[in-house]
Every structure is written in structure tokens, then in C-alpha cells.
Amino acid sequence: MIVNPVAGRGGIRGAIPHIRDVFAASGVRAFIETTTAGEEETLAQAAIAGGATTIVAVGGDGTCGGVANAILKSGTQCRLALVPSGTGNDFAKTLGISNHSPEMIADLVLNGRETRIDVGIADGRHFLNSCGFGFDAAVLDASNRVHFLKGNAVYIYTAVTKLFTYRGTHVSARGVAGVADGAMLMVTVSNGRSLGGAFRIAPTASVTDGKLDVCFFRDAGVAERVRLFAGAMRGTHLGMHAVSAAKIERVTLTFETNPAMEMDGELRTAESTSVDVSVVPSALSVLAAPGALL
């Protein structure tokens with residue numbers, strides 16, 4: 001188990017002893033806490049080198065993404081499981097475990113059947129759930145300075161405030177038919193269905209179809225932005241005039257400057273003005289709840 005003790009803005013900390021006891025009772029003895037941001041990837045690399053065949057990430061989407069990158073880089077068949085403890089927990093929703101207790105997840109680790117899922121890769125790094133540009137990245141950046149809320153409320157509050165101030169970004173796309181270059185409110189490339197906990201950003205996405213769902217939101221005035229916001233929460237935005245969507249295997253997005261990008265709830269800056277995003281089908285073994293809509 002690799003545990004991020006500051007996941008969910010530290011909300012997980014009080015539950016760690018119980019989680020540890022539950023998994024110890026199931027025979028899971030290796031229990032490591034991260035001490036710095038991003039350390040989960042290094043710890044996972046060491047665990048895999050030591051012979052680990054399953055890694056349980058205790059944290060949010062970022063923690064899970066870091067462990068997944070270590071597994072994928074190793075080229076091994078190590079399995080990934082998750083005890084969701086983050087702010088949005090979007091990947092946990094995909095796995096169907098967002099409301100599972102530690103006891104239920106421990107049973108899943110011991111007795112569940114693994115499933116192979118697709119992963120995305122953007123700017124040379126793998127992602128499990130999403131990669132976003134423009135408004136998405138700006139909201140994530142601003143949310144890191146909101147300390148009086150927790151859970152989905154963090155992203156909803158920040159997104160509402162940004163609707164009135166975000167200036168949009170110029171994007172050109174290669175690999176998607178019918179999308180004109182121009183000012184965009186946001187571009188998202190999704191493997192899973194949800195984003196920011198509360199938004200059904202890719203309602204038809206699947207992590208087993210060998211495709212990514214790309215969605216372009218053309219920039220608009222405040223009134224139209226509010227309608228897009230409400231539509232994205234309900235998953236009805238795909239039919240709106242300002243939205244273009246497609247299922248793709250690869251897309252290249254070009255910006256005027258190196259863009260900020262959200263990857264599995266973590267903020268990064270792209271290495272160049274052009275970002276290649278593609279899918280790696282059936283790349284990772286995960287433990288999902290029986291009946292999860294993968």
C-alpha cells in the first residue's frame with residue numbers, strides 16, 4: 001500500500017490507522033506513506049523492483065496516476081487498486097468504488113478479478129482519467145488556493161468564479177475532423193467519464209474501448225458559459241452549439257505558448273506549444289467493482 005497522507009486536503013489522515021488495520025488483517029503488510037509530492041511514483045518503482053504484484057494506492061487521482069506511471073514504465077503486469085481519498089476521486093467513480101469501505105476494497109484486492117483498461121499518454125506522461133487545457137487547468141490552479149471547502153465543492157466553487165474571469169485560449173487541433181482553430185474555453189481529452197468530481201465531462205467514455213473522448217468548448221460570453229457549466233454537470237453539453245466532441249486514438253493540440261495542463265487532477269506545464277495525446281489500449285490491470293461501467 002502506498003498512502004498519500006495529505007490526500008483530500010488532509011482529510012484521509014484520521015482514517016489511516018483503520019485502513020492499515022483492515023489491510024493488515026487481510027495479509028497486506030507493506031504500508032508506506034509519501035512524504036513529498038510525487039513520491040508515490042518513486043515508491044511504486046521500488047515496490048515493483050522488490051517483486052510487488054499488486055499496489056494499492058490510498059489517495060486521489062494524482063496519487064493513483066503516479067503509481068500507474070510507475071507500473072506502466074516497469075513493463076510488468078503489476079495490478080493497481082485504489083482506496084479513494086482525494087478531492088474529486090474521478091478514477092474511483094470509473095472503478096465503481098467511490099463509496100466502497102476499506103473492508104470492501106480489501107476483499108476486492110484479495111478476491112476480485114482484474115480488468116485491463118486503456119490509458120492515455122500526453123506530453124510523454126500517462127494518465128488514467130483526463131487531460132485538460134484552458135479553463136480546466138485554470139480552475140485546478142485556482143482551486144489549490146481554496147482552503148475553506150472540501151470535496152466536489154472545491155471545484156464547483158472555483159469553476160463558478162472562473163466563469164466570469166477566464167480569458168480563453170487559442171487552440172488548433174490536428175487529428176479531429178470539423179474543429180476550426182480558434183479561441184477555446186476548454187479542451188478536454190478523457191478516458192473516464194467524470195472530471196472535477198461533479199462534472200460528467202465525457203458521458204459516453206469507456207476505459208475499455210481503445211479510444212479517448214476529446215471535447216472542444218468554444219469560447220463564449222458569460223451567459224453561454226453558464227449554460228455550458230450547467231450542461232457539463234448534467235452531461236448534456238455534447239448537444240450544445242459551442243461544443244464539438246469525437247472519439248479519437250490520437251490528437252495534436254497546438255497553443256500560442258506552452259500550455260498549463262491538468263492530468264489526473266495534477267497541474268503541469270507542457271514541454272512545448274504542441275501536445276500529442278494518444279491512447280494505449282488495454283495497458284493496465286486494475287481491480288474494479290463487479291458491474292462497474294468501465
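Summary table
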{"quantity": "Any chance residue 232 is outside the structural domain of residue 188 (by TED's automatic domain parsing) and within 22 Å of residue 127 (Cα to Cα)", "calculated": "no"}
{"quantity": "Subset tally (residues that are assigned to a loop (DSSP other than H, G, I, E, B) and either farther than 13 Å from residue 248 by Cα or among the acidic types (Asp, Glu) (or both)) for region 190-201", "calculated": "8"}
{"quantity": "Qualifying residue in region 85-107 (condition: on the phi > 0 side of the Ramachandran plot, modelled with pLDDT under 95, crowded, with 24+ Cβ neighbours inside 10 Å and assigned by TED's automatic domain parsing to the domain that holds residue 40)", "calculated": "yes"}
{"quantity": "Sole exception among (1) surrounded by 16 or more Cβ atoms within 10 Å (Cβ to Cβ); (2) in a strand (DSSP E or B); (3) not charged (D, E, K, R) for residue 229, by number", "calculated": "(2)"}
{"quantity": "Residue match in region 16-24 (condition: among the small types (Gly, Ala, Ser) and in contact (Cβ under 8 Å) with a residue 12 or more places away in the chain)", "calculated": "no"}
{"quantity": "Qualifying position, being touching a strand residue (DSSP E or B) at 6+ places or on another chain (Cβ under 6 Å), of a type in the set (Gly, Ala, Ser) and modelled with pLDDT of 95 or more, among 81, 70", "calculated": "81"}
{"quantity": "Filtered residues of region 206-221 (kept if surrounded by fewer than 24 Cβ atoms within 10 Å (Cβ to Cβ), in a loop (DSSP other than H, G, I, E, B) and in contact (Cβ under 8 Å) with a residue 12 or more places away in the chain)", "calculated": "206, 208, 209, 210, 211, 219, 220"}
{"quantity": "Any chance residue 250 is surrounded by fewer than 21 Cβ atoms within 10 Å (Cβ to Cβ) and out of contact with any Gly (no Cβ under 8 Å at 6 or more places or on another chain)", "calculated": "no"}
{"quantity": "Given (1) in the same structural domain as residue 11 (by TED's automatic domain parsing); (2) out of contact with any Cys (no Cβ under 8 Å at 6 or more places or on another chain); (3) of a type in the set (A, V, I, L, M), number of the condition residue 146 does not satisfy", "calculated": "(1)"}
{"quantity": "Qualifying residue in region 130-145 (condition: of a type in the set (Ser, Thr, Tyr), closer than 26 Å to residue 216 by Cβ and in contact with a Leu (Cβ under 6 Å, 6 or more places away or on another chain))", "calculated": "yes"}
{"quantity": "Scan of region 241-294 for residues that are part of a loop (DSSP other than H, G, I, E, B), assigned by TED's automatic domain parsing to the domain that holds residue 135 and either out of contact with any Pro (no Cβ under 9 Å at 6 or more places or on another chain) or of a type in the set (Val, Ile, Thr) (or both), ordered by number", "calculated": "241, 242, 256, 257, 258, 259, 264, 265, 271, 272, 273"}
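Conditions tested, residue by residue: (1) farther than 27 Å from residue 160 by Cα; (2) within 16 Å of the chain's Cα centre (by Cα); (3) not aromatic (Phe, Trp, Tyr).
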| site | (1), (2), (3) |
| --- | --- |
| 199 | no, yes, no |
| 207 | yes, yes, yes |
| 214 | no, yes, yes |
| 217 | no, no, no |
| 234 | no, no, yes |
| 263 | no, yes, yes |
| 282 | yes, no, yes |
| 285 | yes, no, yes |
| 292 | yes, no, yes |
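The values are calculated or read from the model by the stated rules, or taken from the named source; none is laboratory data. The shown structure was predicted, so the numbers you read here are calculated from the model rather than taken from an experiment. Because the Cβ atoms are built from the backbone with ideal geometry, glycine has one as well, and the counts that use them run over all protein chains shown.
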